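The values are calculated or read from the model by the stated rules, or taken from the named source; none is laboratory data. This one's a predicted model, so the numbers in the text were calculated from it and none came from an experiment. With ideal geometry, Cβ positions are generated from the backbone for all residues, glycine too; neighbour counts draw on all protein chains shown. To get the accessible areas, we keep the full protein, side chains included, count just its heavy atoms, and leave off ligands, DNA and RNA. Shrake-Rupley method; radii C 1.70, N 1.55, O 1.52, S 1.80 Å.
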Amino acid sequence: MDHKVDLSAPHSMGTTIIGVTYNGGVVLGADSRTSTGVYVANRASDKITQLTDNVYVCRSGSAADSQVVSDYVRYFLHQHTIQLGQPATVKVAANLVRLLSYNNKNFLETGLIIGGWDKYEGGQIFGVPLGGTIVQQPFAIGGSGSSYLYGFFDQAWKEGMTKDEAEDLVKKAVSLAIARDGASGGVVRTVIINSEGVTRNFYPGDQLPLWHEELEPHNSLLDILGAPEPMNI
């Protein structure tokens, strides 16, 4: 049997990305696994990318496609800010992402979630899935792990959450997807955006809740199997 791995395959982020609004801002979250076929190319990648001081984007799909869209949007928003003399709104940033995604829909394989805060409309979440549609939502989920989370969010999400409640929801949801989705894994990163600024948090695997039949983290397989009995001669 041929077990060779094609390392020249496109880098993709079989991913779990989430954006949630709360009473005062938004929380974005993502796992950190980037894969090339069945090979994990990067186990600690950062899928939450800054567009402006007050707007971030969660990236899924082709890593290259999502990065180039983010780079173009960041450049255009910088020019926009210079021309207007004030920060771009979340809606402007999301519509720039939509414009690039829709106009290049035959060439791009990426789904994006844009989240941020501005002084006009507060915290906002926009989803731009494959194809370039734009939808404003109170919460958005994307990536391969999202199919395990729709029922969970229907039950767990509520209006008027506090910042801590929203971040706990995002962290719990990403860890649930990591437990079920083989293409999601690694650590959990969150970004909290509100009127006070931006806060980034990092949660390594040993700080995430365990689900179903997941094994406790160990340093050695011997810790799981138990130390071997000494041999009698």
For this session: Residues being at pLDDT 95 or above, open to solvent by 10 Å² or more (accessible area, probe 1.4 Å) and of a type in the set (A, V, I, L, M): count how many of those fall in region 122-156.
Result: 3
For this session: Determine if region 25-42 includes at least one residue that is touching a Lys or Arg at 6+ places or on another chain (Cβ under 7 Å), modelled with pLDDT under 95, more than 15 Å from VAL188 (Cα to Cα) and of a type in the set (A, V, I, L, M).
Result: yes
Exercise. Do you know which residues across region 78-106 are out of contact with any Asp or Glu (no Cβ under 7 Å at 6 or more places or on another chain) and over 15 Å from VAL128 (Cβ atoms)?
Worked result: HIS78, GLN79, HIS80, THR81, ILE82, GLN83, LEU84, GLY85, GLN86, ALA88, ASN106
Exercise. Looking only at residues in region 161-181 that are open to solvent by 30 Å² or more (accessible area, probe 1.4 Å) and of a type in the set (Val, Ile, Thr), which one is nearest to SER147 (Cα to Cα)?
Worked result: ILE178
Problem set entry | Number of the exception - LEU169 against (1) without any contact (Cβ under 8 Å) to a residue 24 or more places away in the chain; (2) in contact with a helix residue (DSSP H, G or I) (Cβ under 8 Å, 6 or more places away or on another chain); (3) among the hydrophobic types (A, V, I, L, M, F, W, C) | (1)
For this session: Hey, can you tell me all the residues within region 150-178 that are more than 19 Å from ILE114 (Cα to Cα) and under 14 Å from the mean Cα position of the chain (by Cα)?
Result: LYS172, SER175, LEU176, ALA177, ILE178
Problem set entry | Condition broken by ASN106, with the remaining ones in (1) under 20 Å from GLY25 (Cβ atoms); (2) free of Cβ contacts under 8 Å to residues at least 12 places away in the same chain satisfied | (1)
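A quick yes/no check of all residues on (1) of a type in the set (Val, Ile, Thr); (2) outside any helix (DSSP H, G or I); (3) closer than 13 Å to GLY19 by Cβ:
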position: LEU130; (1), (2), (3): no, yes, no
position: ALA140; (1), (2), (3): no, yes, yes
position: GLY160; (1), (2), (3): no, yes, no
position: GLU165; (1), (2), (3): no, no, no
Exercise. Does LYS119 meet the test of being over 16 Å from the mean Cα position of the chain (by Cα) and surrounded by fewer than 18 Cβ atoms within 10 Å (Cβ to Cβ)?
Worked result: yes
Seminar exercise, completed: Filtering strands (runs of 3 or more DSSP E) wholly in region 39-113 for at least 3 residues that are of a type in the set (A, V, I, L, M, F, W, C) and surrounded by 20 or more Cβ atoms within 10 Å (Cβ to Cβ) gives 55-62
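Residue-by-condition table, conditions (1) within 24 Å of ILE192 (Cβ to Cβ); (2) of a type in the set (Gly, Ala, Ser); (3) touching a Cys at 6+ places or on another chain (Cβ under 8 Å):
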| position | (1), (2), (3) |
| --- | --- |
| GLN50 | yes, no, no |
| GLN67 | yes, no, no |
| LEU77 | yes, no, no |
| GLY85 | no, yes, no |
| ASN103 | no, no, no |
| LEU108 | no, no, no |
| GLU121 | yes, no, no |
| GLN124 | yes, no, no |
| LEU130 | no, no, no |
